[in-house]
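Peer 1: Dropping the structure in here first, questions after.
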Amino acid sequence: MEKNFSNKLVRIFVFGTLLKGQRFEFYMDGSQYCGKAYSRGQLMMAENGSVYIDVDDHEAFTLGEVYLVDYSCLKRINHLESRSGEFPKGYDLTMIPTWKLSENPDYKFDLANCDYCFYYRRRNVPVKLKGGDFTKFHDPVDTIGEFLAKSDHEISDPEEIVKFMKEQNIRIDF
């Protein structure tokens, strides 16, 4: 459905140069700011100065911002994070649980209270392809676009995209 491409349906967690006040915040133009949140994992800086989350550190957390973006904004961010020369094809779209930042300094990584957001994960761990068959690999951004195009109804809930992508076995970092 055509309207699905312009609806702000993709919840994305940003934690580096896309944050408000950072050098690439303009990539978020037209998005809907949903507030500060955190994810499990240690914020790290790579040799080239780019940042990423070490999701294997289950004791640390990373502070970021959550936005709702439309498909055009997602494609813009995808170009920056995985295709442009700025960050040399170093990130892939996947999902991560996030928790809204509250006044309570005691954070808890309770999956019953999380929101799943898309985010860009550093390409430092090989991705296992289903059944060892390259023809079964689908780019997550393209998969979202195909879902939006083929939908027979107007999608208004970001959870519908999260649910669909979980069914497609997209990687989720816990």
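The values are calculated or read from the model by the stated rules, or taken from the named source; none is laboratory data. None of these values were measured; they are calculated from a predicted model. All Cβ positions, even for glycine, are placed from backbone atoms using ideal geometry, and neighbour counts span all protein chains on display. In case anyone asks, the SASA skips ligands and DNA or RNA and just uses the protein heavy atoms, side chains included. Shrake-Rupley method; radii C 1.70, N 1.55, O 1.52, S 1.80 Å.
Peer 1: Using the heavy atoms of the protein chains alone and a 1.4 angstrom probe, what is the accessible area of segment 1-85 per residue in square angstrom?
Peer 2: Ligands and nucleic acids excluded, the result is 49 Å² per residue.
Peer 1: How much length would be gained if the chain were fully extended between Arg123 and Gln42, taking 0.36 nm per residue of separation minus their Cα-Cα distance, in nm to one decimal?
Peer 2: 27.6 nm
Peer 1: For His79 and Asn113, FRET efficiency with R0 = 35 Å and r from the beta-carbon atoms, rounded to 0.05?
Peer 2: With R0 = 35 Å, the Cβ-Cβ based efficiency is 0.60.
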